[in-house]
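Mind looking over this structure? Questions follow.
The values are calculated or read from the model by the stated rules, or taken from the named source; none is laboratory data. Quick caveat, the model's predicted, so the values are computed rather than measured. Cβ atoms come from the backbone with ideal geometry, glycine included; neighbour counts cover every protein chain shown. Quick note on the areas: whole protein, heavy atoms, side chains included, nothing else; ligands and nucleic acids left out. Shrake-Rupley method; radii C 1.70, N 1.55, O 1.52, S 1.80 Å.
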Amino acid sequence: MKTAIILAAGIGSRLAPLTKDIPKCCIEVCGKSIIRRITDQLLICDPNMEIIVVAGYKSDVVRNEMRNYPRNIIVIENKEYLTTNNMESCRIGIGIRKTATKGCLIINGDCVYSQNIIRKMYEFEKSCIATDSSRYNEENMKILVSDDEAIAISKSITEAQGGITAIDMYNFSAEDLKILHSIMENYSASGDRNKWTEVAINDLLCLEQTRISSVDIAGEKWMEIDNHDDLETARNLW
């Protein structure tokens, strides 16, 4: 049984004034908040899976949004969300997992996906990064691929370099997740905690023993929601 960590601590300032009273993850797309949409899709794959939501900004609103879910859905708080980035939220989430011997999905809480994407990533047995080869997005992380394996991830990778858009969803085996968590722990211990999760993932990709696949979801519907135009696009998709 896999677990899932949903990173949902951000403010969403580019979505103001919608985010004045609620965090970005609680904005609705077609009648359902982003965070509940992702959670419900994961529960379709496995109703008993452990799902850890890492909140921050207006965490009480997130807790209220998730109040009717069963006990296997846990809301925790990154209390330092204003001075840290989502790597710290991810580190905290990984650290409290009860099923440490199992694989884990890591998902950003500001994205909407088709059910097929969620299921495909849930069912993939090895460590992988979800990508969309059909579109190159400046705002998104990009990966470089060699022999069907990811070798680097960064926002700065260009289309000319062969960059493929990553869609903010990752699946790690228990072994790879343990190494990833160790990398994050080292950053946190050194006081370098204002980094994206993908910085640690890139460090993992640089290790010689690492083998992480790219899973192309081209043709499926998804949207990362950073601003009002993104929100309108997402609402038109569904």
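Loop sites only, by DSSP: take the GluC sites (Glu not before Pro) in the chain that have at most 15 other C-beta atoms within 10 Å and name the longest stretch containing none of them.
Values: sites that count: Glu80, Glu125, Glu138, Glu139, Glu159, Glu208.
Longest stretch, sites excluded: 1-79.
Give, as a single signed number, the net charge of other residues whose beta carbon lies under 9 Å from the beta carbon of Tyr122, with Lys and Arg counted +1 and Asp and Glu -1. Intermediate values should be presented prior to the final figure.
Details: positive: Lys2, Arg119, Lys120; negative: Asp46, Glu123.
That works out to +1.
Over segment 60-166, what percent of the accessible surface lies on carbon and sulfur atoms, probe 1.4 Å?
Carbon-and-sulfur percentage of accessible area, whole number: 45.
Another question about this same structure. Please work out the average accessible area per residue across the chain, using the 1.4 Å probe convention, and give it in Å². List each step's numbers first, then the result.
Numbers: 10830 Å² over 238 residues.
So the chain comes to 46 Å² accessible per residue, rounded to a whole number.
Of Ile34, Ile76, Ile96, which has the largest mean-square fluctuation in a 10 Å C-alpha GNM of the chain?
Ile96
Could you tell me which trypsin sites (Lys or Arg not before Pro) in segment 41-145 are loop residues by DSSP with no more than 15 other beta carbons within 10 angstrom of their beta carbon? Intermediate results must be reported in sequence, preceding the final value.
Working: sites: Lys58, Arg63, Arg67, Arg71, Lys79, Arg91, Arg97, Lys98, Lys102, Arg119, Lys120, Lys126, Arg135, Lys142; in loops: Arg67, Arg71, Lys79, Arg97, Lys98, Lys102, Lys126, Arg135.
Of the trypsin sites (Lys or Arg not before Pro), the ones in loops of segment 41-145 whose Cβ has at most 15 other Cβ atoms within 10 Å are Arg67, Arg71, Lys79, Lys98, Lys102, Lys126, Arg135.
Also, quick follow-up: Provide the three semi-axes, in whole Å and in decreasing order, of the ellipsoid equivalent to segment 123-191 as defined by the square roots of 5 times the Cα gyration tensor eigenvalues. Mind dumping the intermediate values first?
Numbers: eigenvalues 108, 53, 21 Å².
Square roots of five times the eigenvalues give 23, 16, 10 Å.
Put +1 on the Cβ of each Lys and Arg and -1 on the Cβ of each Asp and Glu in the chain; which of Met141, Ala189, Ser33 then has its Cα farthest toward the positive end of the dipole?
Ser33
Taking Rh as the Kirkwood radius computed over C-alpha pairs, what is the Stokes-Einstein D of segment 108-238 at 37 °C in a medium of viscosity 0.692 mPa s, expressed in µm² per second?
Values: Rh = 15.4 Å.
Taking Rh from Cα pairs, D becomes 213 µm²/s.
Additional query: Scan around Ile217 for amide H atoms under 5 Å from its own, H built in the peptide plane at 1.01 Å from N, and keep only partners 5 or more places away or cross-chain.
Thr131, Asp132, Ser133
Taking amide H positions as placed in the peptide plane 1.01 Å from N, state which residues far from Val29 in sequence (5 or more) or on other chains have amide H under 5 Å from it.
Residues meeting the criterion, in which the H sits 1.01 Å from N, are Ile34.
Whole-Hz ³J(HN,Hα) for each residue in segment 57-70, computed from phi via Karplus 6.51 cos²θ - 1.76 cosθ + 1.60 with θ = phi - 60°, x for glycine and proline: what do you get?
Calculated HN-Hα couplings, in order: 4, 6, 4, 5, 5, 5, 4, 5, 4, 9, 5, 9, 7, x Hz.
Additional query: For Glu77, which sequence-distant residues (separation of 5 or more, or a different chain) have an amide H within less than 5 Å of its own amide H, given hydrogens modelled in the peptide plane?
Placed amide hydrogens put Ala55 under 5 Å from Glu77.
Which value does Rg/Rh take for segment 166-219 over its C-alpha atoms, Rh per Kirkwood?
In segment 166-219, Rg relative to Rh is 1.00.
A further question on this structure: Starting from the alpha-carbon convex hull of segment 1-131, give the projected area averaged over all orientations, in nm².
Computed as one quarter of the Cα hull surface, the answer is 7.9 nm².
Of all beta bridges DSSP finds with both residues in the chain, what is the antiparallel percent, to the nearest 5? Kindly include the intermediate steps, with their values, before the conclusion.
Working: 21 of 41 bridges.
Antiparallel bridges: around 50 percent, rounded to the nearest 5.
From Cα coordinates alone, what are the radius of gyration and Dmax values for the chain in angstrom?
16.5, 47
Tell me which trypsin sites (Lys or Arg not before Pro) from segment 203-238 have a DSSP coil assignment and no more than 16 other beta carbons within 10 Å of their own.
On the way: sites: Arg211, Lys221, Arg235; in loops: Arg211, Lys221.
Sparse-neighbourhood loop trypsin sites (Lys or Arg not before Pro): Arg211, Lys221.
Residue by residue through segment 163-173, what is 3J(HN,Hα) from phi via Karplus (6.51 cos²θ - 1.76 cosθ + 1.60, θ = phi - 60°)? Round to whole Hz and write x for glycine and proline.
Once rounded to whole Hz, the list reads x, 10, 5, 8, 10, 6, 9, 9, 10, 10, 5.
Rounded, prolate or oblate: which one fits segment 48-91, using the alpha carbon gyration tensor with axes a ≥ b ≥ c (rounded when a/c is under 1.5, else prolate when a/b beats b/c, else oblate)? Mind dumping the intermediate values first?
On the way: a/c = 4.09, a/b = 1.56, b/c = 2.63.
Oblate is the answer for segment 48-91, as a/c is 1.5 or above yet b/c matches or exceeds a/b.
Can you work out the Karplus-derived ³J(HN,Hα) for every residue in segment 202-219? Use 6.51 cos²θ - 1.76 cosθ + 1.60 with θ = phi - 60°, whole Hz, and x for glycine or proline.
Result, ordered by residue: 4, 4, 4, 5, 6, 6, 4, 7, 6, 9, 10, 7, 9, 10, 7, 10, 3, x Hz.
Please give the Cα centre distance for segment 50-108 versus segment 1-48, rounded to the nearest Å.
If we compute the Cα centre of each part, the gap is 11 Å.
Could I ask something else about it? Report, in deg cm²/dmol and to the nearest 500, the calculated mean residue ellipticity at 222 nm for the chain, where each DSSP H run with n ≥ 4 adds -39500 (n - 2.57) and the sum is divided by the residue count.
Details: 7 runs with 73 residues, N = 238.
Roughly -9000 deg cm²/dmol at 222 nm, from the helical runs in the chain.
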